[in-house]
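A quick write-up on the structure given underneath.
Since every read-out is calculated from the coordinates, none of them should be taken as a lab result. These numbers were taken from a predicted model, which means no experiment stands behind them. Please note: Cβ atoms are built from the backbone with ideal geometry, for glycine as well, and neighbour counts cover all protein chains shown.
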Amino acid sequence: MPRMEIVQLMNREAQTSDTAVLRKDLPISGCVSAIDIGIRITNAATAPTDKEISDILNHVGLVCNGTDYRVWVKGPDLLRINWKQLKRPMNNALTEKASTAQEQWYRLQFGRYIGDTQLGLDLSKFNNVQLQLDYALSNFGTVGTHVTTATFTVTVLLHQFPINQRPAFRGMIGLREFWTYTTVGGPVDKVQSLPSQNTLKGLFVMAREDTIAEGTDITDIKIGKDLFATVWYDGKWYNFQQACNEDILDPSLRMTLALSDASTRSLPVANIRKVIVAGMDSTGAYS
Amino acid sequence: MAYGKVFTLASCNSITGNTVTLAAMTVTPADAAGTAWANAAASLVAADLQVSGDIHGLLYFPFGDPDTLDGVLQPADLKSAEIKLTDGGAGAAVALIAEEIFGY
């Protein structure tokens, strides 16, 4: 495998708008294995408790030639997908402390791993490739109260092959949200066709609701073809979830709280098996 | 001893789904200057939290060998492919996200 390069496309570029779609054109040539996206905000004077920074990202997109969406996924979903793909959470510095910066990283991976010479994003195959971040600070909290206005900053890093060692990719891996809905209770069955234009490597099923046990809102999943004459998967959410999490190397989320008695936190972790909460001294000196 | 520190004691009282309920108290030790032991419900004090479990609200269904890609579903397989989800409760934000291979 060639020695990969990391190219800094954006470096903590503060966005003047608190709600917008950030569009960043990628270079017109190059072979990219993955894109790392770091978002950073500054908490305002009121500590933003029980907020998830990923909620700021309505969608992360990679759009080729203007209309061809190869990536289209919500921030909270991408956070969880990265956790599954990498078997650990992406790097972060999460804090609820007032007037303090916090950040979260995400990865769009176009190969099976960084440095994959078979699959990746070949920019020369397109007239234009654009990274899009559809964001709203108001999803996080009240702008000016919980989060400081105009502090949404973005960093973009490209994991790419050296110019003289560009591979001939066979294709690239994309990640596209193709159906959303809100559960209505039940039992009610919903059937949806899978996208059929491209080879399908895998399928992520997301069902997120705070304060609800896993396997409650979606109880059963069945995947197959020909009206389920052929079945590939059929079973309970809670059983598939065990299989899904068996290879996770770091199942822990860490953050600094602005903690009050009898308060709650909703987290991107479920089936919680361990909670460690440790008070700092009143200065919170090491956070 | 004039220690001059206020300590925070915190614990997790309950867990419901992905939500933890935390209790926290500040404790001020007695000192030689005559300050008595005191405690109070904590309010916005700094604390570390570490939570371990499963990834919330996510399932992944692979359709082939992750290394060789043997067995991934081809468009011919997918023409009549479907997923059936059974709702058990109301209010979850559901999304289906395809991990596709786009050929060049």
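From the Kirkwood radius over Cα pairs of chain B, Stokes-Einstein at 37 °C and 0.692 mPa s returns a whole-number translational diffusion coefficient of 164 µm²/s. In summary, the lysines within cross-link reach of B:Lys5, defined as a Cα separation below 24 angstrom excluding same-chain residues under 8 places away, comprise A:Lys97.
Evaluated with a Cβ-only charge set (Lys, Arg +1; Asp, Glu -1), region A:92-219 carries a dipole of roughly 620 debye about its Cα centre, given to the nearest 20.
With +1 assigned to the C-beta of every Lys and Arg and -1 to the C-beta of every Asp and Glu, and no other charges, what is the dipole magnitude of the protein assembly as shown about the Cα centre in debye, to the nearest 20? Please report the intermediate quantities before stating the final value.
On the way: 32 positive and 40 negative charges, 118 e Å.
Dipole of the protein assembly as shown, to the nearest 20 debye: 560 debye.
Projecting the Cα atoms of B:Ala98, A:Leu267, B:Ala23 onto the charge dipole of the protein assembly as shown, computed from C-beta unit charges around the Cα centre, puts B:Ala98 farthest toward the positive end.
With bins 10 Å wide beginning at 0, the percent of Cα pairs of region A:135-195 falling in each bin runs 13, 20, 22, 28, 16, 2. When only the Cβ of Lys, Arg, Asp and Glu is charged (+1, +1, -1, -1), the dipole of region A:5-182 relative to its Cα centre reaches about 480 debye.
With the charge dipole of region A:5-182 set up from +1 on Lys and Arg Cβ and -1 on Asp and Glu Cβ about the Cα centre, the Cα lying farthest toward the positive end among the listed residues A:Asn139, A:Phe152, A:Ile114 is that of A:Ile114.
On full extension of the chain, what length is gained from A:Ile163 through A:Ala101, given 0.36 nm per residue of separation minus the C-alpha to C-alpha distance?
Numbers: separation 62, 0.36 × 62 = 22.32 nm, distance 3.59 nm.
The span from A:Ile163 to A:Ala101 would gain 18.7 nm if fully extended.
Please work out, to two decimal places, the log10 of the ratio I(q)/I(0) at q = 0.07 Å⁻¹ from a Debye calculation in which every Cα of the protein assembly as shown carries one identical scatterer. Log10 I(q)/I(0), no solvent term: -0.36.
Please order B:Phe102, B:Phe63 by the number of other Cβ within 10 Å, starting at the fewest. List each step's numbers first, then the result.
On the way: B:Phe102 19, B:Phe63 23.
The order, fewest Cβ neighbours first, is B:Phe102, B:Phe63.
For chymotrypsin sites (Phe, Trp or Tyr not before Pro), no site in region A:19-85 is both called loop by DSSP and has at most 11 other Cβ atoms within 10 Å.
Just report the Cα centroid separation between region A:175-221 and region B:27-90, whole Å. Cα centres, region A:175-221 to region B:27-90: 17 Å.
Computed over the Cα atoms, what is the radius of gyration of region A:5-182 divided by 2.2 N^0.38 Å, N being its residue count? Write out the running numbers ahead of the final one.
Numbers: Rg = 16.5 Å, N = 178, 2.2 N^0.38 = 15.8 Å.
Relative to the 2.2 N^0.38 Å estimate, region A:5-182 comes out at 1.05.
Among the listed pairs A:Lys84/B:Lys79; A:Lys225/B:Lys84; A:Lys201/A:Lys225; A:Lys84/B:Lys84; A:Lys190/A:Lys225, a Cα-Cα separation exceeding 19 Å is found for A:Lys84/B:Lys79; A:Lys84/B:Lys84.
Placing unit charges on each Cβ (+1 for Lys and Arg, -1 for Asp and Glu) gives chain A a dipole about its Cα centre, and among A:Gly30, A:Ile173, A:His59 the Cα reaching farthest toward its positive end belongs to A:Gly30.
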